[in-house]
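J.: Take this structure, written in structure tokens, and hold onto it; I'll ask about it next.
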Amino acid sequence: MSTPRPSSPAPQAPASPDRVYRSPSGIAAGVLLLAIAGWLGIDAIVVGHGRTPWLALAALILVVPAVTAFTLRPAVLANEHRLRVRNPLRVITLPWGQIEMFRSGYTNEVFDKSGTKYQLWAVPVSLRARKRAASRQARIEAGERGGRGRGRGLFGPGPGPVGVPGGPAPEPEGPARAEGDRIMDELKDLLQSRGPAATSQGEVTVRWAYEVIAPVVVGAVLLAVLSAVA
């Protein structure tokens, strides 16, 4: 009687570098808010009297993690096997095979196969950036239409002012897109190419960011207690 061979472990997906998408404006706003909060809070702790230093300390415990969570923390990390969405209060890991679609409106969102929606905090929608991109695309198209009739340069046949040294740099190839829309296009391309892959299958996992939630709750409770004490 032959001894059954032990089953081999399931193959692990090889490591793949992440593409990291973040909001530069959100990071800049977070750094500015943290600098202001630190300046005011530390000043109140050092020179304040009575309950003021304790109130300032409680406010810092509340404000610093909250501001960090909503400005510096959000990120979208994508590799060949999965999409990882780091939002203010939780981290969602979605294998490409479990993603149904991306949708852009007033916010950028991803839907899994069950229909659950997750917002991409790190890829905000900017209507102003979309308007600028549309205007830039209109100028490109107008330039292309106007350039078709320019067959002669200043001294005879030639490309005209297009090739003049020191002139305006050529526009980038492809349609002009806002940064957030360009990122969503990249994620959609990754979903289309990597969704059917065997290494892109698995379960959707959601982890709450207790390292952010706990200090915010503690700070809020301390601030409420100190405010209520006469």
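The values are calculated or read from the model by the stated rules, or taken from the named source; none is laboratory data. Bear in mind the structure is a predicted one, so any value in this text is a computation, not a measurement. Don't worry about glycine lacking a Cβ; one is built from the backbone with ideal geometry, like all the others, and counts go over all protein chains shown. Quick note on the areas: whole protein, heavy atoms, side chains included, nothing else; ligands and nucleic acids left out. Shrake-Rupley method; radii C 1.70, N 1.55, O 1.52, S 1.80 Å.
J.: Ala69: net charge of surrounding residues, Cβ under 15 Å, Lys/Arg +1, Asp/Glu -1, itself excluded?
T.: Details: positive: Arg22, Arg73, Arg86, Arg90, Arg207; negative: Glu211.
Spelling it out: positives minus negatives among the neighbours equals +4.
J.: What is the ratio of the Cα radius of gyration of region 10-78 to 2.2 N^0.38 Å, with N the residue count, to two decimals? Working shown, then result.
T.: Details: Rg = 18.3 Å, N = 69, 2.2 N^0.38 = 11.0 Å.
Region 10-78 yields a ratio of 1.66.
J.: So which chymotrypsin sites (Phe, Trp or Tyr not before Pro) in region 7-114 are both in a DSSP loop and have at most 14 other Cβ atoms within 10 Å of their Cβ? Before the final figure, lay out each step's value.
T.: Working: sites: Tyr21, Trp39, Trp54, Phe70, Trp96, Phe102, Tyr106, Phe111; in loops: Tyr106.
In loop regions of region 7-114 (DSSP not H, G, I, E or B), the sparsely surrounded chymotrypsin sites (Phe, Trp or Tyr not before Pro) are Tyr106.
J.: Let me ask something else about it. Set the Förster distance to 30 Å, then compute FRET efficiency between Phe111 and Val217 from the Cβ-Cβ distance, nearest 0.05. Before the final figure, lay out each step's value.
T.: Working: r = 30 Å, r/R0 = 1.01.
Result of the calculation: an efficiency of 0.50.
J.: Same structure again: Could you compute how much accessible surface Asp112 exposes when probed at 1.4 Å, giving the result in Å² to the nearest 10?
T.: 10
J.: On to the next question. Write down, largest first, the equivalent ellipsoid semi-axes of region 40-110 in whole Å, where each equals the square root of 5 times an eigenvalue of the alpha-carbon gyration tensor. Walk me through the numbers on the way to the answer.
T.: Values: eigenvalues 332, 26, 14 Å².
After diagonalising the Cα gyration tensor, the semi-axes are 41, 11, 8 Å.
J.: So for region 57-132, averaging the separation of alpha carbon pairs under 8 Å that are six or more residues apart and normalising by length, what relative contact order in percent results?
T.: This gives 21 percent for region 57-132.
J.: In addition: Say each of Ile42 and Asp189 gets a label point 7 Å from the Cα, pointing the same way as Cα to Cβ; how far apart are those two points in nm?
T.: 4.4
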